[in-house]
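This report concerns only the one structure given below.
The values are calculated or read from the model by the stated rules, or taken from the named source; none is laboratory data. Computed from a predicted structure; not experimentally measured. FYI the Cβ positions are ideal-geometry reconstructions off the backbone, even for glycines, and counts take in every protein chain you see. Heavy atoms of the whole protein, side chains included, go into the accessibility calculation; ligands, DNA and RNA do not. Shrake-Rupley method; radii C 1.70, N 1.55, O 1.52, S 1.80 Å.
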Amino acid sequence: MKRQRYIVIIGVLLALSLIFAYIEMILPSFLPNPAFKIGLSQIPILLTFYLLDLKSATAVSTGKVLMMSLLFGYFLTYIFFVNIAGAVFSIIFIGFSQYLKFSIPMTSLMSSLGHNLGQFLIIGYTLGWNIALFYLPFILVFSVLFGLIIGFISKSLLLKIEKRL
Amino acid sequence: MNIPKITFIKINKREIIIIIALLILAFASYFIINNKGPGAKAQIEVAQNLYGTYDLSKDQDIIIKDSKGQIIMTAKISNGTIRVITSTCRDKICIKEGAIDLSGQTIVCLPNKVVITVINDNNQIDGVLK
C-alpha cells in the first residue's frame, strides 16, 4: 500500500473513533449502571484491524485514549491509566483471537472483554478487589452483549467498505 | 488496493460454546457475589483509606475531602438511602448512579477514587471478600 494512502486511511479511522468516543460521552446511558457504555469507538478500531493490521489498530486504539485525554483534560490522571489499560488489553485480546482465527463478531466480543478486564484489573488493584468483583458479572454480560452487537455492525460495514476500497 | 483478504468466517460451534461459558460464568458469579440484604450503614473510602462509616437511619449531608483537604464530593443520606449530590469529577457518573440502600451496593467515582458501599451492621462484606 502507498504510504500516503495508508496515512489517509488510518487518519480517518482515528478521527472516526474520536468522534464516536465523544458521541458516547454525551449520550445519556440507558443501562442500569451509567458507567457502562456500548463501545461505539471500538468499531473504527476493528475496521482498522481488518483493513490494515494489528499494529495500526494498536496505534488507533492508544491514539484515541491519548487524544481524548488531551481534549478533555485528564491526561496522566488516574482515569487516563484506567483507559489505557483497557485499550492495551483490548489489543492483546484482538491479537489472541486473530491467533485463534475467530470470526468478526467473536473478535469484537474478545476485544470488549479485554477492554473491560483491563479496567477491572486496574480498578481492583487500586480501589480494592471487592469493589471490582462486584462489577464482574455485569462486565461479562455486557461484554458478550455489546461485543456481539458491535461485531455485527463492524461486519456489515466491512462488507460494504471492502467493495468500495 | 492490496487490502489483506478479509475472511468472513461465520460464528461456529466453538465460539458459541465460549459465549455460553462466559454467560454461565457471569450468572454464577452474580449469585456468588451479590448477597444483597437490607443495609444499615454506609462506608465511604477515599483512595482505599476508610473515610468514615455513617448510619443510614440518620439524615445528614456528608462532605468528602481528599487527602489535600479539598472538597471533592457531597453525599446525602435521606430516608435510609445514600446518594451523591455534588462531585468535582468530569462525567458525573457517581451522581447518575442515584440512591442506594441495599448492602453490597456501591457507588464508585473513579476520577475522585471514592467508593461508597452500603454494609450490614456486622461487616459481612469485608469478611467475605477482603
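Summing both sides, the accessible surface hidden between A and B at a 1.4 Å probe radius is close to 4000 Å². With a 10 Å cut-off around each Cβ of A:134-142, the average count of Cβ atoms from other chains is 6. Across the protein chains, with a 1.4 Å probe defining accessible surface, the residues A:Asp53, B:Asp91 rank A:Asp53, B:Asp91 from largest area downward. Average 1/r across all pairs of distinct alpha carbons in the stretch B:41-119, invert it, and you get the Kirkwood radius: 12.2 Å.
If packing is taken as the average number of other Cβ atoms within 10 Å across a peptide's residues, how do B:45-52, A:110-117, A:152-159, B:82-89 rank, most packed first?
Working: B:45-52: 13.9, A:110-117: 25.5, A:152-159: 16.4, B:82-89: 18.6.
Ranking the peptides B:45-52, A:110-117, A:152-159, B:82-89 by packing returns A:110-117, B:82-89, A:152-159, B:45-52.
Short to long, the 5 Å bins of the Cα pair-distance histogram for the protein assembly as shown hold 1, 5, 11, 15, 16, 15, 12, 9, 7, 4, 3, 1, 1, 0 percent of all pairs. From the Kirkwood radius over Cα pairs of the stretch B:9-55, Stokes-Einstein at 20 °C and 1.002 mPa s returns a whole-number translational diffusion coefficient of 149 µm²/s. Mean partner shielding of peptide B:90-98, defined as the number of other chain Cβ atoms within 10 Å of each residue Cβ, is 4. The dipole here belongs to the stretch B:41-119: it is taken about the Cα centre, uses +1 on the Cβ of Lys and Arg and -1 on the Cβ of Asp and Glu, and is about 200 debye.
Here the Karplus curve 6.51 cos²θ - 1.76 cosθ + 1.60, taken at θ = phi - 60°, turns the phi angles of the stretch B:14-29 into couplings of 4, 6, 4, 4, 5, 4, 5, 4, 4, 5, 4, 4, 4, 5, 4, 5 Hz, with x standing for Gly and Pro.
Between the listed residues B:Met73, B:Ala99, B:Ile17, the Cα displaced farthest toward the positive end of the dipole of the stretch B:12-115, a dipole computed from Cβ unit charges relative to the Cα centre, is found at B:Ile17.
Counting only heavy atoms of the protein chains and using a 1.4 Å probe, B:Arg14 has close to 100 Å² of accessible surface.
Taking a ≥ b ≥ c as the square roots of the eigenvalues of the Cα gyration tensor, chain A is prolate, since a/c reaches 1.5 or more and a/b is larger than b/c. Across peptide B:103-109, the mean count of Cβ atoms from other chains lying within 10 Å of each residue's own Cβ comes to 3. Bridgeable lysines around B:Lys10 (alpha carbons under 23 Å apart, same-chain partners fewer than 8 residues away excluded): A:Lys101, A:Lys155, A:Lys160, A:Lys163.
Checking every one of the trypsin sites (Lys or Arg not before Pro) in the stretch A:50-152 against DSSP loop status and a limit of 15 other Cβ atoms within 10 Å picks out A:Lys101. Heavy-atom accessible area with a 1.4 Å probe sorts B:Arg90, A:Arg164, largest first, into A:Arg164, B:Arg90. Taking amide H positions as modeled 1.01 Å from N, with prolines and chain starts lacking one, the residues under 5 Å from B:Thr86 and 5 or more places away or on another chain are B:Thr74. Here's the list of lysines a cross-link from B:Lys76 could span, going by alpha-carbon distance under 16 Å and ignoring same-chain residues fewer than 8 apart: B:Lys41, B:Lys58, B:Lys65, B:Lys92, B:Lys96.
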